[in-house]
Structure formats: structure tokens, C-alpha cells
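Input: a single structure, listed below in C-alpha cells.
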Amino acid sequence: MTPTSTRRTVLAAAVAAVLAFGAISQASAQSAAERAQQRRAEREAAKADKGEKKKEDAFPNATRKEPSTKASAKATPKLQKMMKLYDADKAAEARAMADEILGNESFNAYDRSFAAQIAAQIAYESDDSNAAIAYLDKALSLNGLDNNGHYNAMLMKAQLQLQEDKYPEGLATIDQFLSETKSQNPEHLVIKGNALYRMEKYPEAAAVLKQAIDATPEPRADWQQLLMAAYAESGQADQAIAMAEKVAAKSPNDKRAQMNLVAVYLQSDKYDQAAATLEKLRAAGQFTEDKDYRQLYATYLNSEGKEKQAAVVIKEGLDKGILKPDHQAYLALAQSYYFSDQPIPAIDAYKKAAPLDDDGETYLNLARLLWQEDRIPEAKEAAKQAIAKGLKKPDDAKKILALPAK
């Protein structure tokens, strides 16, 4: 590998590592235990509110005519038993009772819809998302719930479909939800934006996500990251940079916000701005991970005449024990010294990098440099090591071995 191609490889690896933003799943990533604990807390809160106020209509503009059907006298004992089991965290028995209610066609639409809704929640809490989606389909098709229950079931279905990588299905569900409820809730719009992003419909995703963020006084960080990603992927680099700069300026101590700004700078080949942002983090003591140092030195190596700065960064990372002393790091250090006209430390770095290489190419670069410095015996020894470790084209190493002794 030539010095130039090495620089490009190092940069590509580091740029890929810094892209902190990306598609954000709107479905909960909680564990089953965490979800069960949350459910218990919500249930206790609901009990505390019981009888104190009328249930709020969450979807006042919905086009669906809310059914008036309530629990039937025939099904009520079984529904009560199902809920007692559910409240007692006896999930398997509660789900079995829900299945029994669902299978009884003599029960009305509300009875069976409600049972399907509870079964969906149990399945979700058990990390069985596909079963939860199937139960939600039943609840929706039976059409027996009030608007709050019906549309919350539809919303949950859309989230779970995205979680299970069913992007077209999830988009269709959230589109139906938004069409029927007329909701302009930013949280609902973000679900649609997420679905569009995952389907690689980046301009459409950006438009929806911007609408959601503009309607929110304090938008969530993951929403902003998703919009930046949508802008970047759709070629709207200026918008991505403007947004990233705004977020970073508002949160100067937020490392993730600063790294997102670095990412959009790099995607637009703005290496000087990316390096300046990274240097602020380094000066503030926020370089705590191996990838931090790799990103900065790679950025310098891709900038004209910044090899000396790259060498300083690499050496600091190695000295602090944060940058992993692997082949890539030592090779980048050797290249940084080489391109900044510091042959002696470059040789030392090559000597550390060469034994860590998978083949003999680094030994061959070491041999070339030693030859340039007129250190022929050492150059020949490095050439031997290169051939021993394996070279695709060993001719250069053989030429060095054939040099006359001095």
C-alpha cells in the first residue's frame, strides 16, 4: 500500500465511525422487565386518577364514528378475570384468557377488541412483537374500542412494524392513523418521518421531520439527528450543516451534538471546520474514546499540509493510552511523520507498525524509507521481513536486497 492510499483508507474508516446520527426507531427498546415495571407504574397512576376526571378525548378531530358498544354482561366476568391476572403479572394466564375471549364469537366487538388489545400489550412486554402486531390487527378489525383505544392501538402497530423492519407496512399504518385522526402531534409526525427515512425516501422524510421539529419548542435530540441525516442523505448539505451548527451552538458541552456537526462537515468535505470542532472537544478534555483520536487525525490527514498536526494528535492519544496501539494507528503516525518531513520518527513508527500488519507491505514501506535514508543494511533486513511475511509484488523488496553493500 502506498503512503497516499494508506491515508485515504485511514480517513474512510474514521469518517464512517463518526456518523453518530441515523435512523431512530420510535418503538421502545426497553426490556420486557422494564416494560412490565413501567406498566405497573402507569396502572397505579391510573388508579389514583380514577373517578377524579373524565377521560380526555385524545383524538377530537378523528373521522371515525366512535362505537357505543360496551362490555357485555356475558363477557364481563371473563374480562374481569383477565384483568386481575394481568394486574397480578400473570402474563401467560392473562393471555390465555384473552385468547379464549377472542375465540368466542358470541361476545360483542368491544369484548373481543379489548381482549385483543390486552393480549397485544402482554405479547409486547414479552418481546413477541409479531404476535403483538397480530393482536393489534384483530383489535382494529373488530372495531369495538373507543377512539382513544382504537387509535392508540393503530399507533402502537405502526411503531412495532418499524421496529420489526416492516417499513412499507409501518408507513401505511401511520398514514392511515394521520389521515383518520387529523393529528398534527409532532411525536406522530416523527414516526412517519422515521418510516420514510428507513425506506430511503429522504426528501419526504426531511419535510415531515422539519414540520414536527418546527412545531416543538424543545425538540428531542434524536429527532434532530434524524432530520440532519435525512438532509445529508438527500443532498441538502447546507440545511444539514445549518441545523447541526444551531444544535451544537445551543449545546456546546454536548459531545454528541458536536460530533454530529463534525459528521455533516465531513460529508461536505469541510475538513477545516470539522478539525476545528474536534480540536475544541480535545481542548475541553472530551477525547475519551479511541474513535475520537482516530477521527481527528484522519481529518488532518485528509487536509492539505496538516500531517504534522495529525502526528501530534496520534502521539497524544497513544501516550494517554486512549488510542489503541494497533497497526492502523502506528501506520498513520508513520505516514504523518513521513509527509511532514520527519524521517527518523517515521522510521520508528514504521518499526512498530510493521509487525502488526497482516502481510509484508508495511515492512516494505519501512525498507524503502530506510533505503532513502541510506541505511542500507537495515533496509535489507526490512525487505527480508517483508518477503517473509508475504507480498503480492515482491520485486521492490528484491531490488533492495540486491543493493550493493556499503
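Selection within region 285-311: residues that are surrounded by 24 or more Cβ atoms within 10 Å (Cβ to Cβ) and polar (S, T, N, Q). The member of this set that is nearest to the chain's Cα centre (by Cα) is Gln295. Please work out which residue is nearest to Pro345 (Cα to Cα), limiting yourself to region 312-330 and to residues that are among the β-branched types (Val, Ile, Thr) and surrounded by fewer than 24 Cβ atoms within 10 Å (Cβ to Cβ). Per the criteria, the residue is Val312. Within region 200-223, the set of residues being touching a residue at least 60 places away in the same chain (Cβ under 8 Å) and in contact with a Phe, Trp or Tyr (Cβ under 9 Å, 6 or more places away or on another chain) comprises Asp222 only.
Test Ala249 against the stated conditions and say whether it is assigned to a helix (DSSP H, G or I), surrounded by fewer than 21 Cβ atoms within 10 Å (Cβ to Cβ) and more than 19 Å from the chain's Cα centre (by Cα). Yes: the conditions hold for Ala249.
Anything in region 336-345 that is within 37 Å of the chain's Cα centre (by Cα) and under 13 Å from Glu373 (Cβ atoms)? List them, or say none. Give the steps one after another, and end with the answer.
Of all residues in region 336-345, those within 37 Å of the chain's Cα centre (by Cα) come to 336-340.
Within region 336-345, Tyr337, Tyr338 qualify.
Taken as a whole, the condition of being modelled with pLDDT of 95 or more, assigned to a helix (DSSP H, G or I), surrounded by 15 or more Cβ atoms within 10 Å (Cβ to Cβ) and among the basic types (Lys, Arg) does not apply to Lys398.
When region 360-406 is filtered for residues that are without any contact (Cβ under 8 Å) to a residue 24 or more places away in the chain, in contact with a helix residue (DSSP H, G or I) (Cβ under 6 Å, 6 or more places away or on another chain) and among the basic types (Lys, Arg), only Lys380 remains. Taking region 351-382 as the range and being touching a Phe, Trp or Tyr at 6+ places or on another chain (Cβ under 8 Å) and either charged (D, E, K, R) or under 11 Å from Leu331 (Cβ atoms) (or both) as the test, the residues that pass are Lys352, Ala353, Ala354, Leu356, Asp357, Thr362, Asn365, Leu366.
So, in region 344-393, how many residues would count as being small (Gly, Ala, Ser), farther than 23 Å from Leu318 by Cβ and crowded, with 17+ Cβ neighbours inside 10 Å?
At the first step, the residues of region 344-393 found to be small (Gly, Ala, Ser) are 346, 349, 353-354, 360, 367, 379, 382-383, 386, 388, 390.
Within this subset, residues satisfying the condition of being farther than 23 Å from Leu318 by Cβ are 360, 367, 379, 383, 386, 388, 390.
Then keep just the ones that are crowded, with 17+ Cβ neighbours inside 10 Å; that gives 360, 367, 379, 383, 386.
Looking only at that region, the number is 5.
Residue-by-condition table, conditions (1) at positive phi; (2) among the charged types (D, E, K, R); (3) within 16 Å of the chain's Cα centre (by Cα):
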position: Glu169; (1), (2), (3): no, yes, no
position: Ala172; (1), (2), (3): no, no, no
position: Pro186; (1), (2), (3): no, no, no
position: Ile191; (1), (2), (3): no, no, yes
position: Leu209; (1), (2), (3): no, no, no
position: Ala276; (1), (2), (3): no, no, no
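The values are calculated or read from the model by the stated rules, or taken from the named source; none is laboratory data. Computed from a prediction, not measured in an experiment: that's the story for all the values here. Cβ sites come from the backbone with ideal geometry, for glycine too, and all protein chains shown count toward neighbours.
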